[in-house]
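In what follows, a structure is listed as structure tokens, so that the remarks can point back to it.
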Amino acid sequence: MLTKSRTDPRCRSFGPDMNSPDLRGNDPAPAAPAARHVVVLGHPSPGSFNHAIAERYCATIRECGQEVVLRDLYALDFDPRLHADRRPGQPGNRLAGDIAREIGMLREAQAITLVYPLWFGMPPAIIKGYVDRVLGAALTPRDIAQHVPDSVLDGRRFSTLSTSATTRPWLEAQGQWQALHQAFDLYLVAVFGMRDGGHRHFDAIVDDLAEDYASEILLAVEAAARTACSEIGAERHAAVVATIMDESEG
């Protein structure tokens, strides 16, 4: 469900003051649509801590006056399998209905955030399937080799919130953290033309998680959401100012 709420005073606002004239002294223009985020969750248990992370992240975005839609892949019964006749570049390939809906949401978004646990040092298959079927729906091997950015994802802010039962030092000692960062963070940002919004990882997440540790993590999640909103707000405001200045010089 996509909703928007009253702006949280802790979120910096970079939007124009709609009660004031613009930089050229003209009457104020109608307010621009709120920035939109797509949060993609990949955990099978409805009561998981990953769900708590995703819900807190979304709630904070709404408090900042921006819009967010949560895509709970397991609840949606998302099919992660990429069939042969649906591969990009295949003759007669047409988007499946579920993929067209997901891409429609991404097209209107300024930010994409993945939320998932690490299983065997990697994201769950359903998250990898989302990358294969949704993020990679239109990008062919030739496009990747020629560094052609994706028309939908180009310039979008891409970030990750992940968890693991093991500690991050243990993951680093096994080489898993470095491999994940290279293959699932830097690589995706590069091939799709997205902007790196960072990867926050929360380790030692177990069933009997201490209440104070859980609260500490959720506060960090709130901070990450506010940072995302502030950065996007600043970028949108800078774009508006640049447009006005260009028009005034024309």
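The values are calculated or read from the model by the stated rules, or taken from the named source; none is laboratory data. Since the model is a prediction, treat every value here as computed from it, not as a measurement. Cβ atoms come from the backbone with ideal geometry, glycine included; neighbour counts cover every protein chain shown. Remember, those area values only see protein heavy atoms, side chains included, never the ligands or the DNA or RNA. Shrake-Rupley method; radii C 1.70, N 1.55, O 1.52, S 1.80 Å.
Some values worked out for this structure:
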quantity	calculated
Selection from Pro141, Thr163, Gly233, by position along the positive dipole direction of the chain (Cβ)	Pro141
DSSP beta bridges in the chain [antiparallel fraction, %, rounded to 5]	10 percent
Region 129-222, dipole about Cα centre (Lys/Arg Cβ +1, Asp/Glu Cβ -1), debye to the nearest 20	580 debye
Along each principal axis, Cα extent of region 118-210, largest first, Å	45, 23, 22
Probe 1.4 Å, protein heavy atoms only - accessible area per residue of the chain in square angstrom	54 Å²
Residues whose placed amide H lies under 5 Å from that of Val40, excluding near-sequence neighbours	Arg71, Thr113, Leu114, Val115
Charge dipole magnitude, Cβ of K and R +1, D and E -1 - the chain, Cα centre, debye nearest 20	520 debye
Listed residue (Trp119, Gly104, Ser248) projecting farthest to the positive dipole end of the chain, Cβ model	Gly104
Percent accessible area from carbon and sulfur atoms, the chain, protein chains only, probe 1.4 Å	54 percent
Between 0 and 90°, nearest 10: helix 49-63 axis offset from the chain longest Cα axis	0 degrees
Inverse mean reciprocal Cα-Cα distance (Kirkwood Rh) of the chain, Å	19.6 Å
